[in-house]
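Right, one structure below, let's go through it.
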Amino acid sequence: MRRVSAAVAVLVLAGATLGTAASTAGATPAEGRRAAAACPTGWGSGTKSGAATGDEHLVNIRTGQHKCYDRIVFEVPGGGDRIGYHVQYVDRFYADPSGEYIPVRGGAILALGVDAWSYDLEAGVPTYPGKVGKALPGVKVNGYRTFRDTRFGGTFEGQTQVALGVRARLPFRVIQVEDRVVVDVAHSWTS
């Protein structure tokens, strides 16, 4: 009788093992599809910069929402794909060179410097209408998953400063495309 009970127990365990293996094997394609649909998060949150090659002018800053990230775009006509930039998280945002402290709402502050003038010195007119310490004109980030606030820091020696208040210190990437610098800030560290 003990042998029959032992044999039944072995068969039950073997069946459970096969059932688990079958259900795991059946889940693999679905997990693969989920992995392909997942958002990238490997960008990191460290300082990112790129070298400048010209003295172009910033004409517009706009933002957008995407499935995996919020985006801010700096438009610099004539800048090509070699517009200099410097992007990093900071504890507090200060206008350069005045040192004026500019408060920024959010759990973290991303300081963005783009190598482009916001003022045409020869023509004596602004090319971008930002006011130091004020929100970016025409940019509304209400309802964004990551962005909380924007502030204009001004232009000094050919670099325009912007502060981006974000929900938390999250991974970001910087992309240079024709006449634009694009900064994407992920909605989370893991997606």
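The values are calculated or read from the model by the stated rules, or taken from the named source; none is laboratory data. All figures in this text were calculated on a predicted structure; none of them were measured in a lab. We place every Cβ from the backbone using ideal geometry, glycine too, and count neighbours over all the protein chains shown. The area values use the complete protein model at the heavy-atom level, side chains included, leaving out ligands, DNA and RNA. Shrake-Rupley method; radii C 1.70, N 1.55, O 1.52, S 1.80 Å.
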What accessible area, in Å² to the nearest ten, does a 1.4 Å probe give for residue 94?
-> 100 Å²
For the residue pair residue 96 and residue 82, what label-to-label distance in nm results when each label sits 7 Å from Cα along the Cα-to-beta-carbon direction?
-> 2.1 nm
Near the amide H of residue 180, under 5 Å away, which other amide H atoms are found, from residues 5 or more places off or on another chain, if H is placed in the peptide plane?
-> 76
Cβ under 12 Å from residue 89's Cβ, residue 89 left aside: what net charge do those residues give with Lys, Arg +1 and Asp, Glu -1?
-> +2
Cα-Cα pairs in region 34-102 separated by more than 20 Å, as a whole percent of all pairs, come to 53 percent
Pulled fully out, how much extra length does the chain show between residue 156 and residue 177, if you take 0.36 nm times their separation in residues and subtract their Cα-Cα distance?
-> 5.2 nm
Treat each spin label as a single point 7 Å out from the Cα along the C-beta direction, and report the residue 38 to residue 67 distance in nm.
-> 1.5 nm
Within the accessible area of region 59-159, what % is carbon and sulfur when the probe is 1.4 Å and the other protein chains stay in place?
-> 47 percent
Within the under-15-Å Cβ sphere about residue 43, not counting residue 43, Lys/Arg +1 and Asp/Glu -1 give a net charge of +2
Full-extension gain in nm, residue 140 to residue 47, via 0.36 nm per residue minus C-alpha separation | 30.9 nm
Projected area of region 40-154, taken from the Cα convex hull and averaged over every viewing direction, in nm²?
-> 8.0 nm²
Cβ-based net charge around residue 80, under 9 Å, with every Lys or Arg adding one and every Asp or Glu removing one | -3
